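Notes for the one structure printed next.
Each reported figure results from applying straightforward, stated rules to the coordinates on display, with no laboratory input. Since the model is a prediction, treat every value here as computed from it, not as a measurement. We place every Cβ from the backbone using ideal geometry, glycine too, and count neighbours over all the protein chains shown.
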Amino acid sequence: MACGMFTGFGGSEARVAVTKDGTVVYEPAVLTPGLLGTGFVPGAPGPTPQTQLSPGGLAVSSNDGARWRFVAPGEATWTPQDDQIYVDRRTGRIFWYAMQPNPIPTTGGVPVQDDLPLGYSNLLTSANDGRTWRHVALPGYLASENPRFMTAVAPKGQTAPKGYPDVAYWCGNNALFVYVGRECWRSLDGGLSWSFASVLFTRGPSQRPECGGNEEQFNDGDGNYPEAAPDGSLYVMVVCGGNTFLARSTDEAATWPIVRVHGTPLTIPAADELRVDASGNFYAVHKDGDRLLLSVSRDRGLTWSPPVNVVAPDATRLDQWFVAVGKPGQVAFAYLAGDGNGPGYEALHTMTKDGLAGQPTFLSAIGNDPAHPLNASTGQPAKDDFIGVDLAPDGSAWGAYYADCTPDAPECAQGGAPDIEANRAFAVHLIS
């Protein structure tokens, strides 16, 4: 059963995460400023213009989406583009990245010295479902686009965290549009402070001998970010020279040597995203036309199952998608596919509880009303850089989408004309 719902806020590039107690955190929740910046009044009549530069925060629900509340992390609003949400499954702690406060200067809890347009990577964390937050600004980043977090136990022999059970990691590109390098930081206190760990990728000929002088492939939308194994080691895909290698860090992201088997660099099938579950099983997903191909490895990448297509039957025009894993064998996908009747997209969900089986069983459902596909007001597709999905502790899946803006929707109109930037945040809950 799939249940689709609007959060009541504007939408944009979307992610979703579920905390330990089942609280759902959707990002972003975009606000629409009133006349001359006088503020946002929920439910007020009249046009509510929205752009990519409108202020935003998070939408949080503690009752399976029946009601959503607005959360301003760090007592501030933020630019609602390129943000990233992550929840440590062991503790329920929320980690959130935001590009910059919005408006600037902010009147919230961001220190004055950190209140700089596009000048920092803003990392925020909450241990209580978003009620209170701690903020850290990492210098040297010009609007890092689409970075990611990860948490893991400390590897054997490495520095143990203090006051928090896991080591937290954040990796991101150091500039918007000009992808000079991808760098990683670590935190040993649950995100209250961060220290630089390593450079993961750089432009120009790779320093990794396995790449043969070819450049490492990374940009604004790739999935080459670290995933944690149960022993605290981190794995990341390294794509160069037409090969996909696995690199492994056993020193808390300080170094990333390519995995070798009997002296030979380990390559894996081409993949767009890699996931690792709590038992150390690997899940690789590759988009091939209108197919999403899932392969599984039980031996940390040495051998892989034959790829299986997870996309719902008859789905076409596959576009944005994302994948999450939960307990061993649990895999969930959110994706946009054509509805077959025009430029709109369906908010599709697919999940399996036996992804490790030889022939997994997949459940698929459409989250939106089929009579109202996700569509922007001018016929633009309901998408941007990304959408999101996460598995809740109870095994259900949540997807994050946005749009369903039509010319007659007041939140999509500005001065009586359609606002092509405006969208509504749309969430889907899939219960098997």
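For segment 85-131, just say rounded, prolate or oblate: build the C-alpha gyration tensor, square-root its eigenvalues into a ≥ b ≥ c, call rounded for a/c under 1.5, and beyond that prolate if a/b exceeds b/c, oblate if not. Kindly include the intermediate steps, with their values, before the conclusion.
On the way: a/c = 3.24, a/b = 2.14, b/c = 1.51.
Here segment 85-131 falls in the prolate category.
Each residue, ALA357 and ASP385, gets one label point 7 Å from its Cα in the Cβ direction; the gap between the two is 3.8 nm. Local charge for THR77 was computed over the other residues whose Cβ lies under 13 Å away, with Lys and Arg +1 and Asp and Glu -1, and equals -4. Straightening the chain between LEU53 and ASP319 buys 93.3 nm, computed as 0.36 nm per residue apart minus the Cα-Cα spacing. Each peptide in 300-306, 278-284, 397-403 receives the mean, over its residues, of other Cβ atoms within 10 Å, and ordering these scores from highest gives 397-403, 278-284, 300-306. With the simple spin-label model, which puts each label point 7 Å out from Cα in the Cβ direction, the LEU118 to VAL180 separation comes to 1.4 nm.
I need the calculated FRET efficiency for the pair ALA254 and ASP290, taking r as the beta carbon distance and R₀ as 45 Å, to the nearest 0.05. The value I calculate is 0.65. Among 171-181, 327-337, sorting by the average number of other beta carbon atoms lying within 10 angstrom of each residue, highest first, gives 327-337, 171-181.
Under 11 Å from the Cβ of VAL136, count the other residues' Cβ atoms, weight Lys and Arg +1, Asp and Glu -1, and hand me the total.
On the way: positive: ARG134; negative: ASP114, ASP189.
Computed value for this residue: -1.
Once the Cα-Cα distance is subtracted from the 0.36 nm per residue extended length, the LEU302 to ASP394 segment shows a gain of 30.0 nm.
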